[in-house]
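J.: A single structure is presented below for examination.
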Number of protein chains: 2
Amino acid sequence: MPQPAMIQLASIQSFHVGGRRQALSGRAVEQRVLAQGGQPRALDMNGDHMVGQLYAQFYTQASPTRALPVVLWHGGGMTGANWEATPDGRPGWLQHFLEAGLHVCVSDAMERGRASWALWPELYEQAPVMRSMQEGWDMFRVGPLAGYSSDASQRRAHAGQRFPVECFDQFACQWVPRWTGHENRIMQAYEALLARIGPCVLIGHSQGGGFALRAAALWPQWVKAVVALEPSGAPVDVPLSGPLPPHLVLWGDHIEQHPAWVAYRRTVEGHATRLRAAGAAVEVVDLAARGLPGHSHFPMLDHGSDAVCALVIDWITRQAAA
Amino acid sequence: MPQPAMIQLASIQSFHVGGRRQALSGRAVEQRVLAQGGQPRALDMNGDHMVGQLYAQFYTQASPTRALPVVLWHGGGMTGANWEATPDGRPGWLQHFLEAGLHVCVSDAMERGRASWALWPELYEQAPVMRSMQEGWDMFRVGPLAGYSSDASQRRAHAGQRFPVECFDQFACQWVPRWTGHENRIMQAYEALLARIGPCVLIGHSQGGGFALRAAALWPQWVKAVVALEPSGAPVDVPLSGPLPPHLVLWGDHIEQHPAWVAYRRTVEGHATRLRAAGAAVEVVDLAARGLPGHSHFPMLDHGSDAVCALVIDWITRQAAA
């Protein structure tokens, strides 16, 4: 049965940028069965490998409503899947941006998702880290750490919580391992991405929100407007001068109950003060103060995600340079 | 500037299926800096983790030309990115299937890409394996092993090679680590995917081609037609009986110069013989014999990928049940 064509695209493509060839050596040759029903064969991992690339999907509108694409950067331990649907199966922000006629680029940061990752200790120095569901429940401000239970029916969320709590396990399927200390490499790949895309509206969440604030400070020739959704950091080490793009910073609820978030937000507020002193237009929005209370660290996945997305699209539409 | 709307979709969404919660214990708590500009904090990876899920993107047509979706399974050490574009930036089969009005599902197999992967030795038993570019050059039949060089200008491909050889490094950016011995878990996740999607046309490449042949033998209620593109294995252990879907098996060139591929193909030919004996319609196509010579192990990425895709779409269109 035909459904309304909500999305009319000229093309859907993907690419990798920022990779470079590196040699791996010193690994013993192993004997492994690699194909179903096959025989063991020598597996020699020594040789050349691509390292440092990120992955990007680009959705090109047939009849764009705006010239600049929206570029979406996910947070730590996540992938671009964050933008594609909510854990309870509602449309993600990708769908909304495409329905609004915007070109969209969804990326997987270096080392995550389809960007791939490299072997250690040869190509990466350290072992990865992986967030437990207990930690996610706490750090994503779904509920207090003590409110997590392996028995989903026994979990206790914050009062008024708008995250789809009953689908927390489904959400945890999206989480991927990450590395610490890779910030500079990640930004190198993002720089290559922006150099390829050119002027854009940049939207980053959590760790990606901090990276987006950094990109806006470093590369205003590409970042014409920036939205930092619950940023977990800010470029306190970057001098702010010259033309700076307009900034929108969005926050959910329950920050004061999570000391790590009190500290992260303090860092971001300091950056906002510096931005304003440097002449940038900075709008900091507590979603609750706009009549959208109860949001977790993931407003794009919460009940009410459509309203937050509409707020973002409205802000983008009001930015002359974007 | 408006471009022709080649793709008209009702929705683009993604989801994970097949994951289950598992507890990890016994890891020491580490102190790590997790946010740009933040302070070290305790990182305790012990706790619950989701394990075993795969990732799927579903593109729903506004006005589908056929009822059944096309489901795309990539090969070993790859992700769904295989289907999205060629290494030299031409449209991938995803674009062609969508332009043909087909619903499409692109998946990342368990442990790869956006499906995520789990820590070892606690949740996976073994360390991952990763293909070197040397091995890929050989195993993907781009050229002889001795023809690979770290200096791209010095590489020697097979005569008449249609893989975009000058973009081999770009292609290697797509490769991801994998695990050996996970075949049953991967198939469990694929079973959950097919149970969710229902009747479909299944297209698998390489390791995914072997999995697709297995799925067709095990679950004919869901697999109404199957295309195995350069399958690296076959379900020699599965009894064949009852209704079996029509099969199309496609092969590129230069198999005889790569002993591993001679063996893989022999296994698949044996399966085709068993399928025919069980009453299934099986078409085995050497692309060269159809006037499409020079293909590598990745006909969907080679120059001429459009013609191979057209051949596949034509075959699908002729299958009554699909």
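The values are calculated or read from the model by the stated rules, or taken from the named source; none is laboratory data. The structure displayed is predicted, hence computed values, not measured ones. Note that we place each Cβ from the backbone using ideal geometry, even for glycine, and neighbour counts take in every protein chain shown. Accessible surface is based on the protein model in full, side chains and every heavy atom, while ligands, DNA and RNA are left aside. Shrake-Rupley method; radii C 1.70, N 1.55, O 1.52, S 1.80 Å.
J.: Just check chain A against the gyration tensor rule for me: Cα atoms, a ≥ b ≥ c as the square roots of the eigenvalues, rounded for a/c under 1.5, and otherwise prolate or oblate depending on whether a/b exceeds b/c.
T.: rounded
J.: In addition: Amide H to amide H under 5 Å from B:Leu43: which residues, 5+ apart in sequence or cross-chain, H placed 1.01 Å off N in plane?
T.: It is B:Glu30, B:Gln31, B:Arg32, by chain and number.
J.: If one takes the accessible area of chain B alone plus chain A alone and subtracts that of the pair, with a 1.4 Å probe, what total in Å², rounded to the nearest 100, results?
T.: 7600
J.: What ³J(HN,Hα) values, in whole Hz, does the Karplus curve 6.51 cos²θ - 1.76 cosθ + 1.60 give for region B:198-214 when θ = phi - 60°, with x put for Gly and Pro?
T.: Couplings: x, x, 7, 9, 9, 10, x, 10, 6, 4, x, x, x, 5, 5, 4, 5 Hz.
J.: Going by a 1.4 Å probe on protein heavy atoms, which residues of region A:72-94 end up with at least 50 Å² less accessible surface in the whole assembly than in their chain alone?
T.: A:Glu84
J.: OK, next. In whole percent, and with a 1.4 Å probe on the protein chains, what portion of the accessible area of region A:177-322 is carbon and sulfur?
T.: Of the solvent-accessible surface of region A:177-322, carbon and sulfur hold 55 percent.
J.: Which residues belonging to region A:174-197 lose at least 50 Å² of 1.4 Å-probe accessible area when the assembly is complete, relative to their chain isolated?
T.: A:Pro177, A:Thr180
J.: Would you mind working out the magnitude of the charge dipole of region A:70-208 relative to its Cα centre, with +1 at each Lys and Arg C-beta and -1 at each Asp and Glu C-beta, to the nearest 20 Debye?
T.: On the way: 11 positive and 14 negative charges, 44 e Å.
So the magnitude is around 220 debye.
J.: Follow-up question, since we're still on this one. Using a 10 Å cut-off on Cβ to Cβ distances, tally the other chain neighbours for every residue of A:14-22 and report the average as a whole number.
T.: Taking all residues of A:14-22 together, the mean is 5.
J.: Related question: Using square roots of five times the C-alpha gyration tensor eigenvalues, list the equivalent-ellipsoid semi-axes of the protein assembly as shown in whole Å, biggest first.
T.: Rounded to whole Å, the semi-axes are 40, 26, 25.
J.: Return a whole-number percent for the relative contact order of region A:138-271, with Cα pairs under 8 Å and 6 or more residues apart as the contact set.
T.: The normalised contact order for region A:138-271 reaches 19 percent.
J.: Working from Cα positions, state the angle (0 to 90°, nearest 10) between the long axis of helix A:305-317 and the longest principal axis of chain A.
T.: 70
J.: Same structure again: Sequence-distant or interchain residues sharing an amide H contact under 5 Å with A:Trp73, placed H: which?
T.: Excluding prolines and chain starts, which carry no amide H, the hits are A:Ile203, A:Gly204, A:His205.
J.: Take every residue in peptide A:123-133, count the Cβ atoms of other chains within 10 Å of its Cβ, and give the average of those counts.
T.: Partner-chain Cβ atoms within 10 Å, mean over residues of A:123-133: 4.
J.: With a 1.4 Å probe and all protein chains kept in place, how much accessible area does B:His49 have, in Å² rounded to the nearest 10?
T.: Approximately 10 Å² of B:His49 is accessible to the 1.4 Å probe.
J.: Further, regarding this structure: May I ask what percent, to the nearest 5, of DSSP beta bridges between residues of chain B are antiparallel?
T.: Numbers: 23 of 46 bridges.
Antiparallel: roughly 50 percent of the beta bridges in chain B.
J.: While we're here: Rounded to the nearest 5, what is the percent of antiparallel bridges among the DSSP beta bridges in the protein assembly as shown?
T.: Here the share of antiparallel DSSP bridges comes out near 50 percent.
J.: Further question on the same structure: Grab the beta carbon distance between A:Gln257 and B:Asp314, set R0 = 56 Å, and tell me the FRET efficiency rounded to 0.05. Each step should come with its number before you reach the end.
T.: Working: r = 60 Å, r/R0 = 1.07.
Using R0 = 56 Å, I get an efficiency of 0.40.
J.: I would also like to ask the following. What number comes out for accessible area per residue over region A:185-253 if the probe is 1.4 Å? Units Å², please. Show your work: numbers first, answer last.
T.: On the way: 1710 Å² over 69 residues.
For region A:185-253, the per-residue accessible area is 25 Å².
J.: If r is the Cβ-Cβ distance from B:Ala42 to B:Val238 and R0 is 41 Å, what FRET efficiency results, to the nearest 0.05?
T.: Working from the Cβ atoms, E equals 0.25.
J.: Okay, next question. To the nearest 0.05, what FRET efficiency results for A:Glu99 and A:Ala67 with a Förster distance of 25 Å applied to their C-beta separation?
T.: 0.90
J.: To the nearest 10 square angstrom, what accessible area does B:Thr180 show with a 1.4 Å probe?
T.: Counting only protein heavy atoms, the figure is 10 Å².
J.: Given a 1.4 angstrom probe, I'd like the percentage of the accessible area of region A:1-107 that is carbon and sulfur, rounded to a whole number.
T.: Values: 1820 of 3410 Å².
The value for region A:1-107 is 53 percent carbon and sulfur by accessible area.
J.: Accessible area per residue of region A:90-134 at 1.4 Å probe, in Å²?
T.: Value for region A:90-134: 21 Å² per residue.
J.: Let me ask another. What shape does region A:103-210 have by the C-alpha gyration tensor, where a ≥ b ≥ c are the square roots of the eigenvalues, rounded means a/c under 1.5, and otherwise prolate means a/b greater than b/c and oblate the rest?
T.: Cα axes put region A:103-210 in the oblate bin.
J.: Another one. Which of rounded, prolate or oblate describes region A:54-117 when judged by the alpha-carbon gyration tensor and an a/c cut-off of 1.5?
T.: Oblate, since a/c reaches 1.5 and b/c is not below a/b.
J.: Let me ask another. Bin by bin, in steps of 10 Å, what percent of the Cα pairs in region B:195-322 do you find, going until the bin that has the longest distance?
T.: Going out from 0 Å in 10 Å bins, region B:195-322 shows 13, 47, 33, 7, 0 percent.
J.: Towards the positive end of the charge dipole of chain B, with charges on Cβ (+1 Lys, Arg; -1 Asp, Glu), say which of B:Val33, B:Val284, B:Ile255 has the farthest Cα.
T.: B:Val284
J.: In whole percent, what relative contact order does chain B give with Cα contacts below 8 Å and a gap of six or more residues?
T.: Value for chain B: 17 percent.
J.: Sticking with this one: Taking the simple approach of a point 7 Å from Cα along Cα-to-Cβ for both B:Ala277 and A:Arg276, what is their distance in nm?
T.: 8.0
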